[in-house]
Amino acid sequence: MDGVHGHWDARFEPVAAAVAEEVSRGTELGASIAVDVDGELVADIWAGFADRAKTLPWQEDTIVNFWSCTKPLTALAALVLIDRGALDPFAPVAAYWPEFGVNGKAGVEVRHLLSHTSGVSGWEVPFDGQDIFDWEKSTTHLARQPTWWEPGTASGYHALNYGHLVGEVIRRITGRALKDFLRDEIAAPLGADVQIGARPEDAPRIAELIAPPPRDLGLDRLPRDHPAVRTFAAFPPGGDSVAVAETQPWRAADIGGANGHGNARGLVQALSPISLGGKANGVQLLSPQTIELIFAEQADGVDQVLFEPLRFGIGFGLPTPASVPAVPDGRVCWWGGWGGSLVVMDTDRRATFAYVMNKMGPGTTGSERTNRYATLIDAALT
């Protein structure tokens, strides 16, 4: 098929054709799609261009900033520690991070951080957005501030600080930075081309981004103390988010909620242990009992930051077919990235699939392209 590269089983031919069509009509610039079933990479597709000028083809090893698809990697890191008995998801965060247990946060549990229900969905202003790059400053600020709603009662998307909250717990336990833990304990053992941030030597293979169309979140019509207004008050750090994402400070930082880099194949390889009962590529990463925790529902309702009906388990979104049609129903967990990236772990069918791109669409929970590809993948897996 012209312009589409990789390999795929015949049943995924419609997926490859859809990618080719989206690229040819310009709705897609460059993209990567991968599907794993029972530990076999049955589709590994890439197409289009890695640069805005359309001079550099998207290659097998092209990577891209996939925004909030970083969060499943951060959650997986926490699950690894839970599986090892080093972290109790039902314990107070302050048991591991004592400074956090002030200003109404003594009752915030680890599971609340993982499920976006902690009441701490962003940085309390005044806060210099550039300090997001400074781990000590940003986590100290989070530890001191109060909650914005009663923890555990509702979700409010932890848009940019998710990795700082979960990552500081991981650092207190292991003595290692979140991105180092991901590299050593997940990416390297599984052979997954994913990382939080991006190494300087990987700069030549990072795809350039095209920002999504402007979207009015209606924040100016909400009270100043609304969780959504507060969450985005320090976002983005220093101006246009997409432009910031192509700077060295962003790539060097440890932002486990937003600055992950990789491709669809890498996301699938890193997260397929969830779909496969805990073991992938010969590595036993999780036990079935730990995977069960993911499906313990923590919130179900309209999210206070994204304003969409969402369900959260411990660390991942759970299916809400009416509002997120890209995610099939069943014993499935998932999350998406700003612009339309998506990773889905389907334990019923022992399948994992992911999509990343560099021409971003609106929203965090999928775009028209996301829905199209996911529908075709679902049909191929049926």
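Worth a mention:
- Among the residues of region 299-331, those identified as free of Cβ contacts under 8 Å to residues at least 24 places away in the same chain and either part of a loop (DSSP other than H, G, I, E, B) or among the hydroxyl-bearing types (Ser, Thr, Tyr) (or both) are PRO319, THR320, PRO321, ALA322, ASP329, GLY330.
- Test: VAL64 is touching a strand residue (DSSP E or B) at 6+ places or on another chain (Cβ under 6 Å), surrounded by 24 or more Cβ atoms within 10 Å (Cβ to Cβ) and more than 20 Å from HIS158 (Cα to Cα): yes
- Candidate set from region 126-169 (those that are of a type in the set (Val, Ile, Thr) and in a helix (DSSP H, G or I)); member that is surrounded by the most Cβ atoms within 10 Å (Cβ to Cβ): ILE132
- The lone exception for GLY26 - which of (1) out of contact with any helix residue (DSSP H, G or I) (no Cβ under 6 Å at 6 or more places or on another chain); (2) at negative phi it fails: (2)
- Within region 196-227, considering residues that are of a type in the set (Asp, Glu) and not in a helix (DSSP H, G or I), the one modelled with the lowest pLDDT: ASP216
- Residues in region 80-117 that are in contact with a Leu (Cβ under 7 Å, 6 or more places away or on another chain) and in a loop (DSSP other than H, G, I, E, B): 2 in all.
- Residue that is surrounded by the fewest Cβ atoms within 10 Å (Cβ to Cβ) [pool: residues in region 334-354 that are out of contact with any Ser or Thr (no Cβ under 6 Å at 6 or more places or on another chain) and under 22 Å from ASN259 (Cβ atoms)]: TRP335
- Residue satisfying condition, being among the aromatic types (Phe, Trp, Tyr) and out of contact with any helix residue (DSSP H, G or I) (no Cβ under 6 Å at 6 or more places or on another chain), within set PHE316, PHE235: PHE235
- In region 355-374, of all residues being within 23 Å of ASP216 (Cβ to Cβ) and polar (S, T, N, Q), the one that is surrounded by the fewest Cβ atoms within 10 Å (Cβ to Cβ) corresponds to ASN371.
- Taken as a whole, the condition of being assigned to a loop (DSSP other than H, G, I, E, B), crowded, with 21+ Cβ neighbours inside 10 Å, in contact (Cβ under 8 Å) with a residue 40 or more places away in the chain and out of contact with any Ser or Thr (no Cβ under 6 Å at 6 or more places or on another chain) applies to TRP123.
- Residue check for VAL242: farther than 17 Å from LEU306 by Cβ, in contact with a Leu (Cβ under 9 Å, 6 or more places away or on another chain) and crowded, with 18+ Cβ neighbours inside 10 Å: yes
- Contact map, region 359-382: residues that are touching a residue at least 40 places away in the same chain (Cβ under 8 Å) and more than 18 Å from LYS71 (Cβ to Cβ) paired with residues that are among the aliphatic types (A, V, I, L, M) and assigned to a helix (DSSP H, G or I), Cβ distance under 7 Å, separation 6+ or inter-chain. Pairs shown: ARG372/ALA18; TYR373/VAL15; TYR373/ALA18; LEU376/VAL15; LEU376/ALA18; ILE377/VAL15; ALA380/VAL15.
- Scan of region 248-297 for residues that are surrounded by fewer than 24 Cβ atoms within 10 Å (Cβ to Cβ), touching a residue at least 24 places away in the same chain (Cβ under 8 Å) and part of a strand (DSSP E or B), ordered by number: VAL283
- Test: residue in region 338-346 that is charged (D, E, K, R) and either under 23 Å from ARG84 (Cβ atoms) or touching a residue at least 24 places away in the same chain (Cβ under 8 Å) (or both): yes
- Residues of region 170-180 that are surrounded by fewer than 24 Cβ atoms within 10 Å (Cβ to Cβ) and touching a residue at least 40 places away in the same chain (Cβ under 8 Å): ARG172, ILE173, THR174, ALA177.
- Qualifying positions in region 245-276 - of a type in the set (S, T, N, Q) and more than 12 Å from the chain's Cα centre (by Cα): THR247, GLN248, ASN263, GLN269, SER272, SER275
The values are calculated or read from the model by the stated rules, or taken from the named source; none is laboratory data. Computed from a predicted model, the values in this text were never measured in an experiment. Don't worry about glycine lacking a Cβ; one is built from the backbone with ideal geometry, like all the others, and counts go over all protein chains shown.
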